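In what follows, a structure is listed as structure tokens, so that the remarks can point back to it.
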Amino acid sequence: MKLKGKRVLLNRPVIEKSPIEMTPEVKESIDRDNMKKWTHLEVFQIGESVEGIEVGDMVYLPKGALERSDVIDVAGELKLMVSDFDIAIVW
């Protein structure tokens, strides 16, 4: 897989599964609420035009950028795809 442009794939934090069955709508709502708490996300892959960010870096995105991110399935693992412009802090 080759990521194009100024996009960045981030590892999505592992969310503990609830023993309670939830509807997809409730699960999506809870996921959205959990996104607000994520402050350190690990870079999984960078696009060919990304500068100043490396695979393995930890990054922070503002809440709005997290909410706009695309969720992508990569080999059975969910990743967040964002623009490098949305990354506010790199550790």
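Every read-out reported here was derived from the displayed coordinates using simple, explicitly stated rules and does not represent laboratory data. The shown structure was predicted, so the numbers you read here are calculated from the model rather than taken from an experiment. Note: ideal-geometry Cβ built from the backbone for every residue, glycine included; neighbour counts use all protein chains shown.
Subtracting the Cα-Cα distance from 0.36 nm times the residue separation, let me have the gained length for residue 31 to residue 60 in nm, one decimal.
Details: separation 29, 0.36 × 29 = 10.44 nm, distance 1.75 nm.
Length gained, residue 31 through residue 60: 8.7 nm.
For the chain, what relative contact order do you get, as a whole percent, if you take Cα pairs closer than 8 Å and at least 6 residues apart?
38
What's the percent breakdown of Cα-Cα distances in the chain across 10 Å bins, shortest bin first?
With 10 Å bins starting at 0, P(r) equals 16, 50, 26, 7, 1.
Order by neighbour count: 68, 7, fewest other Cβ atoms within 10 Å first, most last.
Details: 68 12, 7 19.
Ranking 68, 7 by Cβ neighbours within 10 Å, fewest first, gives 68, 7.
With a cap of 10 neighbouring Cβ atoms within 10 Å, and only residues DSSP puts in a loop, list the GluC sites (Glu not before Pro) found in the chain.
Answer by residue number: 16, 21, 48, 51, 54.
If you average over every viewing direction, what projected area does the convex hull of the Cα atoms of region 45-87 give, in nm²?
Dividing the Cα hull surface by four gives the mean projection, 3.3 nm².
List the aspartates and glutamates whose Cα sits under 18 Å from the Cα of residue 27, skipping any in the same chain fewer than 8 residues away.
Within the straight-line limit of under 18 Å, residue 27 reaches these aspartates and glutamates: 16, 67, 70, 73, 77.
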